[in-house]
Amino acid sequence: STDVEHSAVLGALRLLERLGFAVTRLRPDRFGLVYPEQVEEALRPDTILVSVMAANNELGTLYPIREVAEIAHAHGALFHTDAVQAVGQVPFRVDEVGADLVSLSAHKFYGPKGIGALLVRQGVDLFPLVPGKQEGGRRGGTQSPVLAQGMAVALEKALRLLPEESARLLALRRRLEEGLLAVEGVELNGHPERRLPKLVNVTVKGADGEALLLAMDLMGVAVSSGSACSAGSLEPSHVLLAIGRSPREARASLLFSLGRYTTEAEVDRAVEVFREAVARARA
C-alpha cells in the first residue's frame, strides 16, 4: 500500500500487522504520486493484496490504478482501491480499472451519509469482520434499503452530470488556484494537473494554519487543515508529511474543497478572505 492512504485504510493495515501480516507502505513523490514501478519492486512472492487509492482525499492527486492492478494480478495478488474520492468525481469504470475490490461512499457524490459499498469481483472470498448471514454471508446486520436506494439515485445523478460538472469545477479550481498562489509564500500541494477538479491544498509559509482557518471561518469561508475525517487532531497531516512537508509546514496548510453548488462569486470571495487572513496572520 502507500503512506498517503486514507486513515481508515491505514488503520486496517495496522490491524493486519497486529494479526501477523507483513505490510509494505510505499513513499510517494513530492506530488503525492506512487508509481507502478514502485509497486512492482515492492512485491514479494507471498504478497496477497495490493491496496492503492484512486484519488487522494487531501491532495486530490490521481493514481495510475489500472497499471497497478495489472502488476498485482501478474504476481498473483488481489487489487483493492479506495475509490471514495473518485467515484462520481472523475470517470471511473470498474471493468476498465481491473480492481478486485472497490470501496465507495455515498456522501461523496451527494448521497445519504451512513451508507457505502464494497464492490467485490465474482470469485473473491471475503472473511466477514462481523459474523452473520447478511450480505451474502459477508457481513452481519441488516442494511437500510432507504439509504441504499438513496445512494443509487445519487450515483446515477452524479454520473449523468459528470462531464459538465467536472469541466465546471476544473475551471473554478484553476480560478481559485490562481488567486491563492498569487499571494507571496503560498505553495500548491499535490500534482499540478493529475488531480481531482474539486480540491486545492496549499501551504502558507510564515503563517499558522489554525489561525488562518479560524480567521476565514469568522469571515464566512469554511476551509480545513487536513482530512475532514481527522478534524480535531493535533497531529500534522500524515499525507503532507509523506510528501516532504515539515510538521510546521503541514500545520500551515489549508484544504479548499469545491462542490456542485459552488459559484464563481464564492471562489472570488474565498480568495479575498484568504488574502486578508494571511495578511493578518503575518502581521
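The values are calculated or read from the model by the stated rules, or taken from the named source; none is laboratory data. The model shown is predicted, which means the values in this text are computed figures rather than measured ones. Because the Cβ atoms are built from the backbone with ideal geometry, glycine has one as well, and the counts that use them run over all protein chains shown.
Within region 120-131, is even one residue within 21 Å of HIS6 (Cβ to Cβ) and crowded, with 16+ Cβ neighbours inside 10 Å?
The answer is yes, given that some residue of region 120-131 is within 21 Å of HIS6 (Cβ to Cβ) and crowded, with 16+ Cβ neighbours inside 10 Å.
Tell me, which residue of region 32-81 that is in a loop (DSSP other than H, G, I, E, B), over 19 Å from GLU96 (Cα atoms) and among the hydrophobic types (A, V, I, L, M, F, W, C) is nearest to the chain's Cα centre (by Cα)?
Restricting to residues being in a loop (DSSP other than H, G, I, E, B), over 19 Å from GLU96 (Cα atoms) and among the hydrophobic types (A, V, I, L, M, F, W, C), the top hit is LEU59.
Going through SER257, SER237 one at a time, which residue ends up being in contact with an Asp or Glu (Cβ under 7 Å, 6 or more places away or on another chain), among the hydroxyl-bearing types (Ser, Thr, Tyr) and within 22 Å of VAL84 (Cβ to Cβ)? Lay out the reasoning, then the answer.
Working: SER257 fails: in contact with an Asp or Glu (Cβ under 7 Å, 6 or more places away or on another chain).
So the residue among SER257, SER237 that is in contact with an Asp or Glu (Cβ under 7 Å, 6 or more places away or on another chain), among the hydroxyl-bearing types (Ser, Thr, Tyr) and within 22 Å of VAL84 (Cβ to Cβ) is SER237.
Specify the residue that is surrounded by the fewest Cβ atoms within 10 Å (Cβ to Cβ); the eligible residues are those in region 138-175 that are out of contact with any Asp or Glu (no Cβ under 9 Å at 6 or more places or on another chain) and closer than 25 Å to ALA207 by Cα.
Applying the filter and picking the extreme gives ARG174.
Take the residues in region 35-62 that are surrounded by fewer than 24 Cβ atoms within 10 Å (Cβ to Cβ) and polar (S, T, N, Q); name whichever of them is nearest to PRO91 (Cα to Cα).
SER51
Which numbered condition trips up ASN189, out of (1) surrounded by 14 or more Cβ atoms within 10 Å (Cβ to Cβ); (2) of a type in the set (S, T, N, Q); (3) modelled with pLDDT under 95?
It is condition (3) that ASN189 fails.
Whether any residue in region 92-114 is of a type in the set (S, T, N, Q), closer than 24 Å to SER257 by Cβ and either out of contact with any His (no Cβ under 6 Å at 6 or more places or on another chain) or not in a strand (DSSP E or B) (or both) is what I want to check.
Looking through region 92-114, at least one residue is of a type in the set (S, T, N, Q), closer than 24 Å to SER257 by Cβ and either out of contact with any His (no Cβ under 6 Å at 6 or more places or on another chain) or not in a strand (DSSP E or B) (or both).
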